[in-house]
Amino acid sequence: MKVLKFGGTSIGTAGNILRIKKIIENQQEQVIIVISALYGVTDKLIELCTHAAAKDQNFFRVYNEIEIKHLETIKTLFEEPLFSEVQARVNSYLKELSNIINGIYLLNDVTPKIQDKVLSFGEIIASYIISKVIENAELVDAKGIIKTDSSYGKAEVNMTLSTRLIRSFFKNYKKTAIVPGFIASNEKGDTTTLGRGGSDYTAAIIAAALEAERLEIWTHVDGFMTADPDKVKKAFAIEHLSYAEAMELSHFGAEVIYTPTIQPAYQKNIDIAIKNTFNPEFHGTVISKESKSAGVSMIKGISSIDEIDLITLMGPGMVGVRGISSRLFGTLAENHINIVLITQASSEYTITFAVNPVYTDRALKALEHQFESEIKLRNELVIRLERELSIIAIVGERMKNTPGISANLFTSLGRNGISVIATAQGSSELNISIVIKKESLRKALNVIHEGFFLSHDKELHLFLAGVGTVGGNLLKQINAQHDKLLKDHHLKINVIGISSSKKMLLNPDGISLDKYRDEMEKQGEKADIELFVQKMNYLNFRNSVFIDCTADASVTAVYKNVLSSFVSVVTANKIACSSEYVLYKELKETAQEKNVRFTYETNVGAGLPIISTLNDLIRSGDKIIRLEAVLSGTLNFIFNTISEKVPLSQAIKMALENGYSEPDPRIDLSGTDVRRKLLILSREAGYEFESSDISIKPFLPAECFEGTLDDFWQVIQKYDGEFEERRRKLVNENKKMRYVARLDNGRASIELMEVDFMHPAYPLEGSNNIILITTDRYHEQPMVIRGYGAGAEVTAAGVFADIIRVANV
């Protein structure tokens, strides 16, 4: 024999009731059915009492809503002549309810006893309707078989008497019993209730009394989930839990089953199955005596309580003093205050406990009264209150004697900037509970879930500033590689925010990279980089990365805020790392302090591994002695393109058209861009240089850099002949022009040089870059890095590589 309980969501509509009819009729053995009120009705009945007791005319509206819900349900379910019979009985229940509510209205008061009577109508009417839907079913009066004390609202069950009555009633019972959940009666026969969720408890009491083979709780979810699916999208159903694991998860907020339900089943060793009415074929979750492992995770689930307050009693008046704990918890018990979590310092200086915020004021008054002497007269104790907090508990019997669980938990949280305010763990090692700020709850749950259940996968959330040539190419590359990264490297990349110079768009569910420009145009708002970062921080995604593909100083100005928010920064923008040394140092130190990445490989050499190589050399103990490099792909392209048929001015235009140069080529021609790159390399090599420490020998006169860009295009043509003459001379000497940056024993310089065929930079083609690194180890023969040093595609690829490095941390 089995006991099946169906919750309010399972019978919320006539269509749902027909679903459970099919489930019940498919059972191969005798069943007892326990029924909750129709979905939302219990809340409406509480509201009805509240309005009537306050003489609020809204009670008429609420009563009508309850009446309409039930009458419309039976109208859909039944045809004549059965409809008239059911309608008459339901109307009689509603009439009785109306009379009681009118009495409450006249008295301007509602007692707990009367409220229990009112609330019972939800289960009674629903159970009667179900009894008429199911063939060979009979409505059973729960008040006749479950007896309690007179603690109205959450009565204590007399298990001995109830067990005897249940066994007597169901002895030789052959029909399908339909029992209203939640309700019972005291020794006088007055209606009592078992508390919210009490229908589960009713089912467990009956199952235990009859020593049923199985107790099934039918609800609207697939069972206990690894985490709250409303907050963790990747949560999945847990196949098996022990009684202890289920009780821990329920205690800390998993509202799948009413916690007291587990005790009667545990005592009789009855399996509890959590099943989904809307997915009946799914296995659901089975709760039994033994914990059965499925998968590699050391924990079974993550539970959370959204809102708690933390109260701490602290001070020297507690150290070595007997009876403090007894007085503390005694006074809380006397005031009916439920404690969710307790933690105490080994020094005995503090005791901290968590409570539901509804109990906070009562708890504070009780403590102030109990410890009045120690607080006000002797100044030995202080009460501290912390609000806007949440609790997360990780639960699993396999945690016992398993090293590394706490390390995984706290490391995952720390890397994502989530501070733990308090923690507790029992000697059973069944759960570890932590208290965090409420604002971090969703992020923390996802971080922990990923760390324990999805450790083979990693997810990055990207926020991109700049969708020009580099940013646009980056999004193309991410889109093209998305599936491969997920399949081969278990890395999922989600682009959550994109900002251009005109518009920005943020979507917590991710932005489609196939049509992001259309989405930005239609749904985007006016671009504001500070607001963009503010919204990114508000979303508070784990594993977030801010990417800068602009050349805008206003974007680099937000880096510190971003890093301080535990978000990594990947940038192709050279401004931050080539600005004042103090800012460069501050950004690197902030990243280190917050344990996030600040990467800027593409600042020098586009996609070439120059900065990372320098860092690797230095970290391994080598010392940089000398750097010699051609760092401007733009200038190298120009000097390689100049010919008899292509003068200097045309070569510059070609560099612009091919995307090698800055929008204003004078930035490249003046050496400004190379100076920034050499400054960055010098700093990476360990020199505290400012821009003024690098000398530049210009190869164009000052008039080329005066006036507007249009003026420049007119002036530069004057020098075509001069450069052609110089080019011909170099051809005859088997030499070439190369714009060379040098760092040599603490001196940095940049100039246009003439190199012969023996120089490593001589054969550089197109926009290629080259760097020669001389170190203590690479002294006789310098290390050489050569390749494409400009172009949107290779720069985007370098940014992409930096993003992957963030994921690999």
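The values are calculated or read from the model by the stated rules, or taken from the named source; none is laboratory data. Worth saying up front: this structure is predicted, and the values here are computed from it rather than measured. Ideal geometry is used to build each Cβ from the backbone, glycine not excepted, and the neighbour counts take in all protein chains shown. Please note that ligands, DNA and RNA were not included when accessible areas were found on the heavy atoms of the full protein model with its side chains. Shrake-Rupley method; radii C 1.70, N 1.55, O 1.52, S 1.80 Å.
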Open item on the list: Could you check the stretch 229-257 and list, in sequence order, the residues that are in a helix (DSSP H, G or I), in contact with a helix residue (DSSP H, G or I) (Cβ under 8 Å, 6 or more places away or on another chain) and over 18 Å from THR9 (Cβ atoms)?
Closed with: TYR243, ALA244, GLU245, ALA246, MET247, HIS251
Task: Pair list, Cβ < 7 Å and 6+ apart or interchain, from the stretch 531-544 residues that are closer than 13 Å to SER440 by Cα and modelled with pLDDT under 90 to residues that are assigned to a helix (DSSP H, G or I) and not charged (D, E, K, R) - done: ASN540/SER440; ARG542/ASN446; ARG542/VAL447
Open item on the list: Within the stretch 614-628, take every residue that is in contact (Cβ under 8 Å) with a residue 40 or more places away in the chain and open to solvent by 30 Å² or more (accessible area, probe 1.4 Å) and give me the one that is nearest to the chain's Cα centre (by Cα).
Closed with: ASN615
Open item on the list: Pairs needed: first member in the stretch 675-697, on the phi > 0 side of the Ramachandran plot; second member anywhere, open to solvent by 70 Å² or more (accessible area, probe 1.4 Å); C-beta distance under 6 Å; at least 6 residues apart or different chains.
Closed with: none
TODO: Could you look through the stretch 315-349, keep only residues that are under 25 Å from SER390 (Cβ atoms) and in contact with a Leu (Cβ under 7 Å, 6 or more places away or on another chain), and pick out the one that is surrounded by the most Cβ atoms within 10 Å (Cβ to Cβ)?
DONE: LEU328
- [ ] Would you mind telling me which numbered condition in (1) closer than 22 Å to THR42 by Cβ; (2) in contact with a Lys or Arg (Cβ under 9 Å, 6 or more places away or on another chain); (3) modelled with pLDDT of 95 or more LYS154 fails?
- [x] (3)
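Of the residues ILE104, ILE114, ILE74, only one is closer than 22 Å to LYS143 by Cα and either open to solvent by less than 40 Å² (accessible area, probe 1.4 Å) or hydrophobic (A, V, I, L, M, F, W, C) (or both); which?
Going through ILE104, ILE114, ILE74 in turn, the sole match is ILE114.
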Task: Test set (1) over 52 Å from the mean Cα position of the chain (by Cα); (2) surrounded by 11 or more Cβ atoms within 10 Å (Cβ to Cβ) - GLU725 fails condition number - done: (2)
Task: Positions within the stretch 387-429 being at pLDDT below 90 and of a type in the set (Ser, Thr, Tyr), in sequence order - done: THR402, SER406, THR411, SER412, SER427, SER428
Task: Members of the stretch 649-681 found to be surrounded by 23 or more Cβ atoms within 10 Å (Cβ to Cβ) and of a type in the set (A, V, I, L, M), listed by number - done: ILE652, ALA655, LEU669, VAL674, LEU678, LEU679, ILE680, LEU681
TODO: Go through (1) more than 45 Å from the chain's Cα centre (by Cα); (2) at pLDDT 95 or above; (3) open to solvent by 10 Å² or more (accessible area, probe 1.4 Å) one by one and return the number of the condition TYR201 breaks.
DONE: (1)
Task: Selected residue (only one of LYS535, LYS492, LYS522 is in a helix (DSSP H, G or I), among the basic types (Lys, Arg) and surrounded by 15 or more Cβ atoms within 10 Å (Cβ to Cβ)) - done: LYS535
TODO: With the condition kept exactly as written, say whether any residue in the stretch 26-39 is assigned to a helix (DSSP H, G or I) and open to solvent by less than 20 Å² (accessible area, probe 1.4 Å).
DONE: no
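Residues are listed down the side, and each one gets a yes or a no for (1) open to solvent by 30 Å² or more (accessible area, probe 1.4 Å); (2) touching a helix residue (DSSP H, G or I) at 6+ places or on another chain (Cβ under 6 Å); (3) basic (Lys, Arg):
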{"residue": "LEU730", "(1), (2), (3)": "no, no, no"}
{"residue": "ASN734", "(1), (2), (3)": "yes, no, no"}
{"residue": "GLU751", "(1), (2), (3)": "yes, no, no"}
{"residue": "ALA761", "(1), (2), (3)": "no, no, no"}
{"residue": "SER767", "(1), (2), (3)": "no, yes, no"}
Open item on the list: Cβ contacts < 6 Å: first residue touching a residue at least 60 places away in the same chain (Cβ under 8 Å) and closer than 27 Å to ARG19 by Cβ, restricted to the stretch 264-278; second residue in a helix (DSSP H, G or I) and of a type in the set (S, T, N, Q), any location; separation 6+ or different chain. Result?
Closed with: THR277/SER10
Open item on the list: Residues to consider are ARG327, ARG322; find the one that is among the basic types (Lys, Arg) and without any contact (Cβ under 8 Å) to a residue 24 or more places away in the chain.
Closed with: ARG322
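Yes/no matrix, rows are residues, columns are (1) part of a loop (DSSP other than H, G, I, E, B); (2) in contact with a His (Cβ under 7 Å, 6 or more places away or on another chain); (3) farther than 30 Å from LYS22 by Cβ:
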| position | (1), (2), (3) |
| --- | --- |
| PRO280 | yes, no, no |
| HIS283 | yes, no, no |
| GLU290 | yes, no, yes |
| GLU307 | no, no, yes |
Task: Lone qualifier among LYS234, LYS289, LYS275, LYS268 - being open to solvent by 40 Å² or more (accessible area, probe 1.4 Å) and farther than 22 Å from ILE432 by Cα - done: LYS268
